[in-house]
Amino acid sequence: MRDRFRRLFITSIILIAGLAVQAQDSGRFHRSQADSGRRRFSNDSTRRPGDTSRRRGGGIMGMASLFADSAKMTSSDYQQQIENTYVILNNVENKSELPIGVELVAIHLQDSDSVLAVLKDNILNNSRALNLRNLQVFRTLLQNIQLELRDHRKLLDSSESRLNALRTTLKPLAGDTVLRQLMRDSALRQEFAPQLRDMREAFRGATRGLRESMARVNSLQTHNSANAITTSKLLERVNNLLNSSATRVFGKEYNYLWERDTVNVSSGARSSFGKAYEGERKALNYYFRDSGNKRLFLLLIGILFFAWIFRNIRTIRRNQAMGDISELDFVYLPSGYIVSSFIVMFAMAPLFDLHAPSAYIESMQFLLIVILTIICWKKWPRRLFWYWIGMAVLYICFSFTHHMVDPGIGQRLWLMLLNVLSVVFGMLFLSRMKEHLHLQGFLRYVIVLHNVMNILSLLCNLWGRVSLAQIFGNAAIFAFTQAVGLAVFSKICMEAIMLQIVASRVKRGVQSRIDYQPVLDSFRRPVLFLVVILWLIVFTTNLNIYTVVLEGLMDFMQTDRNIGNATFTIGGILLFFLIIWIAHLLQKYVGYFFGDAGLDEEIANKGARNRLLIARLILLCLGYLLAVAASGVPVDKITIVLGALGVGIGLGLQNIVNNFVSGIILIFDRPLQIGDVVEIGDKSGKVREIGLRSSTLLTQNGAEVIIPNGDILSQQIVNWTLSNNQQRLEMELTVTGSSDMETVATAVKNAIRRSKYIFENREPQVLFTKVHENGFDLKGYFWCKDVSRSEEAMSEILLLLHQAGKETDLIIE
């Protein structure tokens with residue numbers, strides 16, 4: 001029993017020990033699986049897709065070591081990652097620097113701060129002392145500041161977007177697993193210590209520069225936004241003041257002239273007026289300082305005009321053709337080309353700044369008057385010149401009437417005297433300007449308007465509307481002087497065009513005379529249009545209605561209008577036709593600027609004429625493309641219109657399209673060129689013009705035959721001058737008085753050779769057709785070197801043969 005119990009006890013102990021060992025091995029196996037799972041799903045950048053987990057057991061462990069992860073990062077991999085990181089950091093550091101435009105924005109914002117402070121003080125605290133002129137100046141300046149702030153906002157926003165993009169490129173560096181592995185491993189850190197040190201410095205520099213630039217841009221954005229809000233508030237306040245001032249101007253400001261003056265201005269009010277004047281002066285100083293680039297562009301226009309005129313004058317002098325200019329109607333050129341450049345520059349000044357204050361217009365007008373006085377000293381008759389001096393003095397006097405703070409009886413009488421003198425001198429100038437000034441119809445209208453406005457100024461002054469009287473008087477004298485300056489400007493433009501034509505013809509050696517009047521008449525309309533636009537800008541500016549008129553006109557022109565599904569604007573349509581008209585005008589007369597007047601004797605150089613023809617075609621095509629682009633017409637709408645026109649082309653316009661395409665083929669394929677002598681069907685003559693729709697032949701009797709281009713290509717063309725100008729001529733002769741064939745042939749050939757029209761490189765030929773008892777019938781063949789002179793060559797050779805017959809006792813018939 002004891003042995004059985006002992007054996008049972010030992011068996012139990014062995015079983016319990018076996019279970020313990022089994023439990024320990026099972027726990028170890030589970031822990032191994034957990035570690036293998038963590039290694040399998042680790043997101044370390046050193047792991048490769050070929051990773052395998054280890055298995056338990058001796059043989060299995062050996063097999064696991066065989067298929068274990070062997071794709072470990074090497075030193076070159078770490079070095080490459082460091083280099084890539086350094087490139088990114090260096091790129092961020094370099095591009096995080098703010099451009100010069102942002103620094104200019106900061107400078108402009110500081111300038112606008114000082115100006116806005118002055119405007120804010122006058123508009124909010126001194127509004128009762130501001131007149132209509134002050135308010136117009138402030139409004140113009142605030143509008144310019146508002147546009148400038150919008151440009152600043154766009155630049156700052158683009159800079160902020162660029163910096164945000166750079167900051168985005170830095171975010172992946174913070175989570176890069178390769179760099180983390182590199183920083184955790186002490187051996188690797190020691191191996192790449194110099195590179196890591198440089199990379200750390202680059203990271204600090206890049207992040208520091210990026211933070212500073214972002215802070216700078218954000219600060220400027222805040223500053224710009226604050227100025228924009230202030231500008232909008234002040235502009236709204238100025239608009240309200242202008243609306244109230246416009247109604248106040250038409251009301252009775254002072255007593256009637258025959259009443260006692262009971263209006264007294266206190267010292268405080270005078271101080272307010274002085275403060276308003278000082279504010280206007282500071283605002284104008286800011287405008288002149290801020291708009292310097294516009295004046296530089298205006299100066300560039302004057303320099304280009306001077307260079308153009310100087311080049312043409314030098315060309316004419318080199319060719320000793322100054323006598324040709326003296327016979328033409330030149331007044332201001334070429335002797336006054338320097339002063340004329342200033343007139344062009346000052347006359348066009350309002351066009352390059354459509355939102356300029358009235359003081360800027362007045363300053364340009366004063367400079368224009370000074371230059372006109374210089375150039376007209378020797379160009380005008382003495383009496384007309386002194387009348388002009390009187391108007392110039394009146395202009396200066398009227399300019400000071402803006403600053404009358406308290407117009408008493410003396411100042412009002414002085415203003416009335418200026419009105420009377422202005423009317424008198426205007427009438428005297430009108431009576432003496434005949435045949436001495438250009439655009440006399442335009443000047444006559446302006447002078448009549450000038451006199452009417454001065455009479456209105458007198459009446460307003462009598463009835464106590466002194467501000468309105470000042471506006472009418474100033475606008476009248478400014479309109480008069482500007483009109484005279486623009487008349488001289490238009491004459492200078494016409495003379496410059498004529499000088500270009502003369503210089504080009506002299507340079508090409510053309511001696512024939514042409515009539516310049518048709519060319520000048522064609523350019524007179526666009527020049528007159530420009531003159532009227534410039535005059536209206538100055539006139540409405542001095543009436544203080546320019547901004548209102550411009551805004552109303554722009555709203556009318558730019559408002560979208562619909563016809564069905566098509567959307568268009570009136571301004572786009574007008575601009576479309578205006579560009580096309582200018583393109584047609586230029587392509588018609590562009591040859592004159594290169595000395596080609598299209599005369600029959602000037603078409604010897606066919607290559608130059610054909611290049612000019614291609615230039616005209618290109619100019620016309622560019623004009624149409626520019627018109628379409630500038631008008632804002634959508635391309636899909638044009639496609640629809642062209643599709644609709646396709647139906648019409650297929651029905652009734654195929655001939656027009658055929659002629660148009662044939663014209664393009666004639667221009668580029670060149671089966672005939674300008675100046676060629678051709679035969680087309682039953683028509684023959686010299687090609688005078690090749691157009692897009694038709695071409696013109698000049699016949700020998702002077703008729704101009706217009707042939708559609710489609711008809712030209714549909715017929716056989718005989719071109720006598722395609723490759724050369726030579727023509728073989730034939731003469732049938734009867735020679736008597738000798739039976740020696742060699743003597744007769746030699747006499748005929750010698751007579752033909754003496755002609756100046758034959759082509760010397762080709763020998764004349766004589767062929768006998770019949771033999772008589774005392775003579776021969778023969779045919780003479782020779783080459784005329786100019787096909788257009790073939791009849792003259794035949795006539796001259798007949799005379800030479802007659803003279804040769806007398807010398808050799810032969811009778812040649």
Can you find even one residue in region 198-209 that is outside any helix (DSSP H, G or I) and more than 30 Å from ILE107 (Cα to Cα)?
no
Any chance region 525-543 includes a residue that's within 21 Å of ASN474 (Cβ to Cβ), assigned to a loop (DSSP other than H, G, I, E, B), out of contact with any helix residue (DSSP H, G or I) (no Cβ under 8 Å at 6 or more places or on another chain) and modelled with pLDDT of 80 or more?
no
Suppose we keep only residues that are more than 17 Å from ASN474 (Cα to Cα) and touching a residue at least 40 places away in the same chain (Cβ under 8 Å) within region 378-395. Which one would you say is surrounded by the most Cβ atoms within 10 Å (Cβ to Cβ)?
TYR387
Note down all Cβ pairs under 9 Å where the first residue falls in region 103-128 and is within 30 Å of GLU212 (Cβ to Cβ), the second is basic (Lys, Arg) and modelled with pLDDT under 80, and they're at least six residues apart or on different chains.
ASP111/ARG289; SER114/LYS282; VAL115/LYS282
Those residues of region 432-471 which are at pLDDT 90 or above and among the aromatic types (Phe, Trp, Tyr) amount to PHE442, TYR445
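This table checks each residue for (1) in the same structural domain as GLU212 (by TED's automatic domain parsing); (2) at pLDDT 50 or above; (3) under 30 Å from ILE229 (Cβ atoms); (4) of a type in the set (Ser, Thr, Tyr).
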| site | (1), (2), (3), (4) |
| --- | --- |
| PHE41 | no, no, no, no |
| ASP51 | no, no, no, no |
| SER65 | no, no, no, yes |
| GLN81 | no, yes, no, no |
| LEU104 | yes, yes, yes, no |
| HIS108 | yes, yes, yes, no |
Residues of region 233-268 that turn out to be at pLDDT below 75, surrounded by fewer than 17 Cβ atoms within 10 Å (Cβ to Cβ) and more than 23 Å from LEU413 (Cα to Cα), as a count:
4
Does any residue of region 215-222 turn out to be in contact with a Lys or Arg (Cβ under 8 Å, 6 or more places away or on another chain), without any contact (Cβ under 8 Å) to a residue 40 or more places away in the chain and loosely packed, with under 14 Cβ neighbours inside 10 Å?
no
Check whether at least one residue in region 154-163 is hydrophobic (A, V, I, L, M, F, W, C), under 25 Å from GLU83 (Cβ atoms) and within 36 Å of the chain's Cα centre (by Cα), and report yes or no.
yes
Identify all residues within region 113-153 that are within 27 Å of the chain's Cα centre (by Cα), surrounded by fewer than 18 Cβ atoms within 10 Å (Cβ to Cβ) and closer than 19 Å to LEU284 by Cβ; write none if there are none.
GLN143, GLN146, LEU147
Could you go through region 325-335 and let me know if any residue there is part of a helix (DSSP H, G or I), of a type in the set (A, V, I, L, M, F, W, C) and surrounded by 17 or more Cβ atoms within 10 Å (Cβ to Cβ).
yes
Report whether or not LEU456 is farther than 23 Å from LYS379 by Cα and not basic (Lys, Arg).
yes
Out of (1) assigned to a helix (DSSP H, G or I); (2) modelled with pLDDT under 85; (3) touching a His at 6+ places or on another chain (Cβ under 9 Å), the one ALA751 does not meet is (2)
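The values are calculated or read from the model by the stated rules, or taken from the named source; none is laboratory data. Small disclaimer: the values here were computed from a predicted structure and weren't measured. Here Cβ is always computed from backbone atoms with ideal geometry, including for glycine, and neighbour counts include all displayed protein chains.
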